Amino acid sequence: MTAKLHIPVLSIGDDGLNLDVRLPVAEVQPPDTDSVPLDEVRVTGCLTDLGGGEYLFRGRVRGEYAQPCDRCLEEARAALNSEVAWVYVEGRSGEAVSELESDDGDGGGAEREKLMITGREIDLSPQVWEEIVLSAPLKLVCKESCLGLCPRCGANLNGGPCGCPPAEPGGAPQNTPLSVLASLFPDLADDKNRKE
Ligand SMILES: [Zn+2]
Ligand SMILES: [Zn+2]
């Protein structure tokens, strides 16, 4: 965990504390978690003292996911730009990690999870990491119109036709991730066939 996202509550002034932090995602990633296709994250916003041992962080988590296009395997990118609002509350050690504040009575507010802090210090890292993971796209394509790879020769069809004859009607080969893999690793496909 990184020191840059550890904020002593005493450093939060009357006007709040403005943050603009850039850091490698590895610094907020907990051990034994799968990595995400994002190298650097930027956290901007303001921490304010709400009184009564409660603090609010309001801001944005930004970055850029980059991984191979699901169709053509060229690099594809997607922006991370999430607006966030996290409420922290000072707790005595041994208390529950979080509680739900339900707004009944004065109305108008949504339920918001309060995050317990101990040691007079707010650590934004777990929430930043959660935002990165929850916003990560399952699949990325370099562009919606990406034509992918030719299932026969493996050529990138975005660069123009590869010269293979058109697929037969009916049994048209699909450019699925499996067919792309098979075209990249023909030896593996042969191996599998031999075993069956
Ligand atoms: Zn593509
Ligand atoms: Zn081809």
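The values are calculated or read from the model by the stated rules, or taken from the named source; none is laboratory data. Worth saying up front: this structure is predicted, and the values here are computed from it rather than measured. Positions of Cβ are generated from backbone atoms using ideal geometry, with glycine treated the same way; all protein chains shown enter the neighbour counts.
Enumerate the helices (runs of 4 or more DSSP H) found wholly within the stretch 111-196, keeping only those where 3 or more residues are away from ligand 2 (no atom under 13 Å from the Cβ) and at pLDDT below 90.
So the answer is 177-184, 186-195.
On inspection, S98 passes the criterion of being polar (S, T, N, Q), closer than 24 Å to L5 by Cα and modelled with pLDDT under 95.
When the residues of the stretch 26-47 are filtered to those that are among the charged types (D, E, K, R) and assigned to a strand (DSSP E or B), the one that is nearest to G16 (Cα to Cα) is R42.
Beta carbons closer than 8 Å, at least 6 apart along the sequence or on distinct chains, pair a first residue in the stretch 137-157 that is touching a residue at least 40 places away in the same chain (Cβ under 8 Å) and farther than 30 Å from S82 by Cβ with a second that is near ligand 1 (Cβ under 9 Å from one of its atoms) and among the charged types (D, E, K, R) for L147/R71; L149/R71; N156/E74.
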